[in-house]
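The values are calculated or read from the model by the stated rules, or taken from the named source; none is laboratory data. Keep in mind that what you see is a predicted model, and the values were worked out from it rather than measured. Backbone-built Cβ (ideal geometry, glycine too); neighbour counts: all protein chains shown.
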Amino acid sequence: MSTRDTQVKRVYAWQNVIRHEFSEISEAVIPHLIKAACEYSEIQVPRLRYNVNMSSMAHYRPGEHKITLPGSAGSWSHRTDTVLHEVAHAVHRCRPDREEHETHGPEFMYIYLDLLDQFTDHEFFALVKDARIHCIEVADKLTTN
Ligand SMILES: [Zn+2]
């Protein structure tokens, strides 16, 4: 995996701008969203854990194929956009060409925005346009292999 992650700050900043457009989801619904997104992406469903430390960030650990979310109902992480962000990391890390990509690079963004299109009322091309206005690169397509 590339050690560079040149657009991570812009991706987080953009998510803060658009976060109010996404609904909060309950802890009961989160596993169903993750399962549906993984079935759509044809990857094994990662394990899901909650971290009682609320200052921790949502993250995905590829070695354990595990998504961790801060554990409290109504917290910032319990929205469709942040959950699908972590699922997008899982999908991206399951791709054979991942070693060539940055963690929050154009390929990750393509996967993430496609998931937002599939599982929220946002449209892919509108999201791509908005991301690019915020100077975030999005791949035009994923290479197939
Ligand atoms: Zn991320």
| field | Members of the range 5-57 that are charged (D, E, K, R), farther than 20 Å from Leu115 by Cα and within 14 Å of the ligand (Cβ to nearest atom) | value | Asp5, Lys9
| Counted residues, the range 68-92 - those being modelled with pLDDT under 95, farther than 17 Å from Arg19 by Cβ and within 14 Å of the ligand (Cβ to nearest atom) | 1
| task | Could you check how many residues of the range 27-65 are surrounded by fewer than 16 Cβ atoms within 10 Å (Cβ to Cβ) and of a type in the set (A, V, I, L, M, F, W, C)? | result | 6
| query | Can you tell me how many residues in the range 3-23 are outside any helix (DSSP H, G or I) and either surrounded by 14 or more Cβ atoms within 10 Å (Cβ to Cβ) or touching a helix residue (DSSP H, G or I) at 6+ places or on another chain (Cβ under 7 Å) (or both)? | reply | 4
| query | Hey, any hits in the range 117-136 for a residue that's among the β-branched types (Val, Ile, Thr), more than 18 Å from Gln7 (Cα to Cα) and at pLDDT 95 or above? | reply | yes
| task | Go through the residues of the range 98-107 one by one and say whether even a single one is among the basic types (Lys, Arg) and modelled with pLDDT of 95 or more. | result | no
| task | Take the range 26-40 and flag every residue that is closer than 27 Å to Arg132 by Cα and in a loop (DSSP other than H, G, I, E, B). | result | none
